[in-house]
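The values are calculated or read from the model by the stated rules, or taken from the named source; none is laboratory data. If you're wondering where the values come from, they're calculated on a predicted model, not measured in any experiment. Virtual Cβ from ideal backbone geometry, glycine too; neighbours counted across all protein chains shown. Surface accessibility is based on the protein's heavy atoms, side chains included, excluding ligands, DNA and RNA. Shrake-Rupley method; radii C 1.70, N 1.55, O 1.52, S 1.80 Å.
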Amino acid sequence: MAAMAIKHGELVTLEELNPSSPFFKQGASVRVTGKLQEYTVETAIAVVADGNATLKIDTQHLRDISFRIGSVYQFIGELLIQPDSEVLFQAILQARVGRIADGIDLSLYHQSLQLLRQFQADHLNNSTS
C-alpha cells in the first residue's frame, strides 16, 4: 500500500472559509488562526473566532495542548464539509497540528498574509512572462 503524502496547510483566514471561497473544499489542507471561544472536553470540539467568522475544530487527535478560552491558537488540518439544517454547509477542521499563539498581532498577521499572497502572485506572473 502506497503512503499518502501529507499536504501543507494553506494559510487562510477564517473569513475566507465560506462556501464561495476556493479554499472551501472537502479535504482541503488549511492552516487557520483564531481566538478560542469555547471548548467542549467531551467532544474535543473547539470553536475559534477571528472578526465575525468562527470555525469548529475537531481536536481529538491533538496531544499535549491545553485550551484556554480567550487565547489565540493556530491549527493545521483538513476541512470536513457537512450539510447543515441551519446553514447550507458547515465546515469542521480535523486538526492534526495545534499550537497556542498568544502574543500574535492578528491585524499584523492579516497584513502579512496579504503581502505574501501579493508577492506569490507577482512571482507567478513574472515566472510565466
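Residues checked against (1) over 17 Å from N18 (Cβ atoms); (2) assigned to a strand (DSSP E or B):
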residue: Q37; (1), (2): yes, yes
residue: A49; (1), (2): no, yes
residue: I57; (1), (2): no, yes
residue: R63; (1), (2): yes, no
residue: L80; (1), (2): no, yes
residue: Q90; (1), (2): no, yes
residue: Q94; (1), (2): yes, yes
residue: R99; (1), (2): yes, yes
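Whenever a residue of the stretch 15-30 is farther than 22 Å from G98 by Cα and part of a loop (DSSP other than H, G, I, E, B), its partners that are at pLDDT below 90 and open to solvent by 90 Å² or more (accessible area, probe 1.4 Å), lying with C-beta atoms within less than 6 angstrom and at least six residues away or across chains, give the pairs P19/F89. Among the conditions (1) among the hydrophobic types (A, V, I, L, M, F, W, C); (2) loosely packed, with under 15 Cβ neighbours inside 10 Å; (3) in contact (Cβ under 8 Å) with a residue 60 or more places away in the chain, I69 misses just one, which is (3).
Residues of the stretch 29-46 that are under 14 Å from the mean Cα position of the chain (by Cα), open to solvent by 20 Å² or more (accessible area, probe 1.4 Å) and either among the small types (G, A, S) or farther than 15 Å from L79 by Cβ (or both): K35 alone.
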